[in-house]
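Worksheet: one structure, shown below.
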Amino acid sequence: MAEIESRLVNCFATAFPELDPQEIPSVSMGSLASWDSLAGITLLSLIEEEFDISISPDDAAGLVSFELILDYVRRLSSEVAK
Amino acid sequence: MTMKLAEALKVVQSVRSHAPPLQVALLCGFTPLHLETFLRAHLSKLFPGRAPNVQTGLYGDLIGNLQRVAGVSAAVVVIEWPDLDPRLGLRRLGGWEPSQLRDILGEVNRSRDLLQSSMAAVAANTPLVVCFPTLPLVPLSFTALSRASEFTLELRSRVASFSAALSHLPGIRIADPQRLDGLSSSRRLDVNSDLSAGFPYTLPHASALAEVLAGLVLNPPPKKGLITDLDDTLWRGILGEVGVQGISWDLDNHSQIHALYQQLLHSLAASGTLIAVASKNDLSLVKEAFAARDPILREADIFPFEVHWGAKSESVARILHAWNISAEDVVCVDDSPMDLAEIKAAHTGAECVLFPRENPQAAYDLLERLRDWFGKDKISQEDGLRAASLRANAELQHDIKQESPGALSDFFRQIDGKLTLSSQKQPLDSRSLELVNKTNQFNLNGRRFQEAEWQNWLNAPDAVFLTVSYRDKYGPLGKIAVIAGDLLDGVNVNGATTDSSGKRQLCIRTWVMSCRAFSRLIEYECIRWLFAKLDVDELEFDFLPTARNTPMQNFLRQVRNAPAEPHCRLSRAQFLQGCPTSSHVVEESPNG
């Protein structure tokens, strides 16, 4: 599980290189000005690539913070594991 | 293995912001999104000293984007099916019923005409890379998917004719679908992404497509020469062991891959690539093999032969000297890893590649790599002359050594040297630009140009442009020199007086001459013509020393009787005082 979090931090760091890695776990669309719709698409594409998953457009609309995305990726990963 | 998005973003983020920009337009009808990122990343990797800036246009307006493009070094056009008719995409609902198929073909024709004229207009000033639809067709035809319908065959045929017609236009490079197929074999269409963001590609496909497109934006200069081994490389077998009749390159002896290698080398030689042999062998046996076995790669294709028992690195050094090019410009092919390592240690810039004699598949892959290394936009007249003129040059140098220095002018008169000069600026002459961008030694300042930059400069009314072709009794050398500069009529372009004497000046900003034309006093004839024909009083040279332009520095020192330095000048009187007498016939091209 910690490995998932660390890989997700890397995705955020690539999409938002200006962020301090320590800030990433608390970041959200509302708190980060550069997280606009284009950056959001890039971030989700990076996550799809990193975790080899497909995020549906319905799910994508709710993925607006690091915490929510971490829960989502963990859930998908455990479903795949089952 | 294609580049991943995470890697592409890191490459883009690591580009030095103060590097010279490389402005490229990416024109498409869909949201460019990750294709833009991948294109920037691949351009950054291909051109590490530049900072690529990719400009994009408006969604759904490919024609408008083409009409608005300006101020870029190159433009990349990516056409997908919806650009030919929106019904061929997923985001517009115009109907897929059978009755519409004929109308779709008609709409494709109209879009084709509009795209063709728009692209031709852009290509007149800017190099244009064009990619035709890469995505699978949507399931709009009424046949089952495995069966090609009349409609889809007709549609693909029209697109193929369209791309073939465009390929004839100067300044346009078409991305090869076969190359893309090799890089992008997985699923290409991303329905989710197309519907939600207007970006239709999967990430691996976008990455592969960007890699192909980036490679076409600014063609890397091709390698100039190939140095090949003989035994178990050009043919199968060790000549010294199996004899002339024992070597082979055919299906019966399971050595067809060597025949294909010879066939490729023969084709490269005919396209102007220099081919030499470096082999540890008995020269008389090798000569006998070429005479008795008639290989596909002819003896006449090869210059020089370095066949002896000495070190390969020494052979390569002599070949480079004979060709007058650097190690960076050559590829050495050999079946011996040890010989390749020995060559590489002495000539670090050379590409040294193993001929995998036991593995035809790997050898075939090598043939593809060789084609890529030596790939050219087009074959020029000079390409057909290169090997012959090098051979003739060796003969000329030998004859010159027999003459006393004072008799050289007489000698040049006897060899019937003839210069043909042309000042025609249009259409863009790719050979001239190639000379400017490839010549290192007799080069005024080492300055390189992109096509658009070169063309824009020459189009200026005060720009002077001269190309020089040469032939003598040793054969034609083709186009061997380019001079370009700006005429200053006592005033500069801002209207300020440049010289209180009001002298008419030519500022030469670019001057290159092929090393094949050295030792013929052609450079003096060029200066003589400029003074006489342009009626200028003084030449200013936009000279800069480079690591390799010693021949230019020596010439300027000799003609000015002073060391070469930036913005150095040469008056007509000064030139006439020290120049040798004219020894060539000079004629102007009828085309201007």
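The values are calculated or read from the model by the stated rules, or taken from the named source; none is laboratory data. Keep in mind that this is a model prediction, so the values were computed, not measured. Cβ atoms come from the backbone with ideal geometry, glycine included; neighbour counts cover every protein chain shown. In case anyone asks, the SASA skips ligands and DNA or RNA and just uses the protein heavy atoms, side chains included. Shrake-Rupley method; radii C 1.70, N 1.55, O 1.52, S 1.80 Å.
Taking θ as phi - 60°, what are the ³J(HN,Hα) couplings along the range B:109-119 by the Karplus curve (6.51, -1.76, 1.60), each to the nearest whole Hz, with x for Gly and Pro?
Per-residue couplings from phi come out as 4, 5, 4, 4, 4, 5, 5, 4, 5, 5, 5 Hz.
Quick query: amide H of B:Leu26 versus all other amide H atoms, modeled in the peptide plane; which residues come in under 5 Å with a sequence gap of 5 or more or a different chain?
When sequence neighbours closer than 5 places are left aside, the close amide H contacts are B:Gln55, B:Thr56, B:Val76.
Over 29 Å between Cα atoms, which of B:Lys473/B:Lys503; B:Lys376/B:Lys425; B:Lys224/B:Lys287 qualify?
B:Lys473/B:Lys503
Per residue, how much accessible area does chain B have with a 1.4 Å probe, in Å²?
That works out to 45 Å² for each residue.
In whole angstrom, how far apart do the alpha carbon centroids of the range B:172-245 and the range B:469-487 sit?
Distance between centres, Cα-based: 35 Å.
Please work out the Cα convex hull volume for the range B:89-145 and give it in Å³ per residue.
About 100 Å³ per residue, rounded to a whole number.
For the range B:27-43, what does the Karplus curve 6.51 cos²θ - 1.76 cosθ + 1.60, with θ = phi - 60°, yield as ³J(HN,Hα) per residue in whole Hz, taken in order and with x for Gly and Pro?
3J(HN,Hα) across the range B:27-43, in whole Hz: 10, 8, x, 9, 6, x, 5, 6, 4, 4, 4, 5, 5, 4, 5, 5, 5.
As a test of the definition: with a 1.4 Å probe, what buried accessible area, both sides summed, do you compute for B against A, in Å² to the nearest 100?
1000
So which GluC sites (Glu not before Pro) in the range B:327-434 end up in coil per DSSP with only 11 or fewer other C-beta atoms within 10 Å?
Within the range B:327-434, the qualifying GluC sites (Glu not before Pro) (loop, at most 11 other Cβ atoms within 10 Å) are B:Glu358.
Could you tell me what percent of the accessible area of chain B is made up of carbon and sulfur, with a 1.4 Å probe and every protein chain present?
52
Hey, what D do you get for the range B:317-396 in µm²/s if you plug the Kirkwood alpha-carbon radius into Stokes-Einstein at 20 °C and 1.002 mPa s?
Roughly 147 µm²/s, to the nearest whole number.
In vacuum, with every alpha carbon of the range B:260-396 counted as one equal point scatterer, what does the Debye formula give for log10 I(q)/I(0) at q = 0.09, 0.17 Å⁻¹? Two decimals, please.
-0.26, -1.05
Strictly greater than 30 Å: what percent of every Cα pair in the range B:155-313 meets that?
Looking at the range B:155-313, the distances longer than 30 Å represent 44 percent of pairs.
Cα convex hull of chain B: how many Å³ per residue?
192
Please list the non-local residues whose amide H lies under 5 Å from the amide H of B:Ser248, H modeled 1.01 Å from N, same-chain partners needing a gap of 5 or more.
Those qualifying (amide H under 5 Å, at least 5 residues apart or on another chain) are B:Arg236.
When the expected Rg is taken as 2.2 N^0.38 Å, what fraction or multiple of it is the alpha-carbon Rg of chain A?
1.01
When you take every Cα atom in the range B:50-207, what is the radius of gyration, and what is Dmax, the widest Cα pair distance, in Å?
16.0, 52
Express in whole angstrom the spacing between the alpha-carbon centres of the range B:540-584 and the range A:1-42.
61
Would you kindly find the accessible area of B:Glu154, with a 1.4 Å probe and non-protein molecules such as ligands, DNA and RNA excluded, rounding to the nearest 10 Å²?
70
Rounded to the nearest 10 Å², what accessible area does B:His266 show when all protein chains are kept and the probe is 1.4 Å?
The accessible area comes out at roughly 70 Å².
Give the dimensionless ratio obtained when the Cα radius of gyration of the range B:501-592 is divided by 2.2 N^0.38 Å.
Output field value: 1.09.
Per residue of A:43-56, what is the mean number of Cβ atoms on other protein chains within 10 angstrom of that residue's Cβ?
3
At 0.36 nm per residue, minus the direct Cα-Cα distance, what do B:Gln116 and B:Arg179 gain on full extension? Give it in nm, one decimal, please.
Computed gain between B:Gln116 and B:Arg179 is 20.4 nm.
Which residues' amide hydrogens lie under 5 Å from the amide hydrogen of B:Leu477, considering only partners 5 or more residues apart or on another chain, with H built in the peptide plane?
B:Tyr470, B:Arg471, B:Asp472
What aspartates and glutamates sit close enough to B:Lys10 to cross-link, taking a C-alpha to C-alpha distance under 12 Å and skipping anything fewer than 8 places away on the same chain?
Cα-Cα hits under 12 Å: none found.
Based on DSSP H runs of at least 4 residues, each adding -39500 (n - 2.57), what is the mean residue ellipticity at 222 nm of the protein assembly as shown after dividing by all its residues, to the nearest 500 deg cm²/dmol?
About -13500 deg cm²/dmol.
Kindly provide log₁₀ I(q)/I(0) values, in the same order as q = 0.27, 0.34 Å⁻¹, from the Debye equation applied to equal alpha-carbon scatterers of the range B:48-88.
Listed by q, the Debye log ratios stand at -1.03, -1.32.
Largest first and to the nearest Å, give the Cα extent of the range B:109-198 along each principal axis.
Projected onto its principal axes, the Cα set of the range B:109-198 covers 43, 29, 27 Å.
Once the mean 1/r over all distinct Cα pairs of the protein assembly as shown is inverted, what Kirkwood radius in angstroms do you read off?
About 29.2 Å for the protein assembly as shown.
Taking every residue in A:17-25, how many Cβ atoms of other protein chains lie within 10 Å of its Cβ, on average?
1
Give me the tail of P(r) for the range B:434-492 as a percent: Cα-Cα pairs with distance above 15 Å.
Counting every Cα pair in the range B:434-492, those more than 15 Å apart make up 61 percent.
Straight-line reach from B:Lys280: which lysines have a Cα under 21 Å away, not including same-chain ones fewer than 8 places off?
Leaving aside lysines fewer than 8 places away in the same chain, those within reach of B:Lys280 are B:Lys312, B:Lys344.
Can you give me the Cα centroid spacing of the range B:6-39 and the range B:289-330 in angstrom?
One Cα centre to the other: 42 Å.
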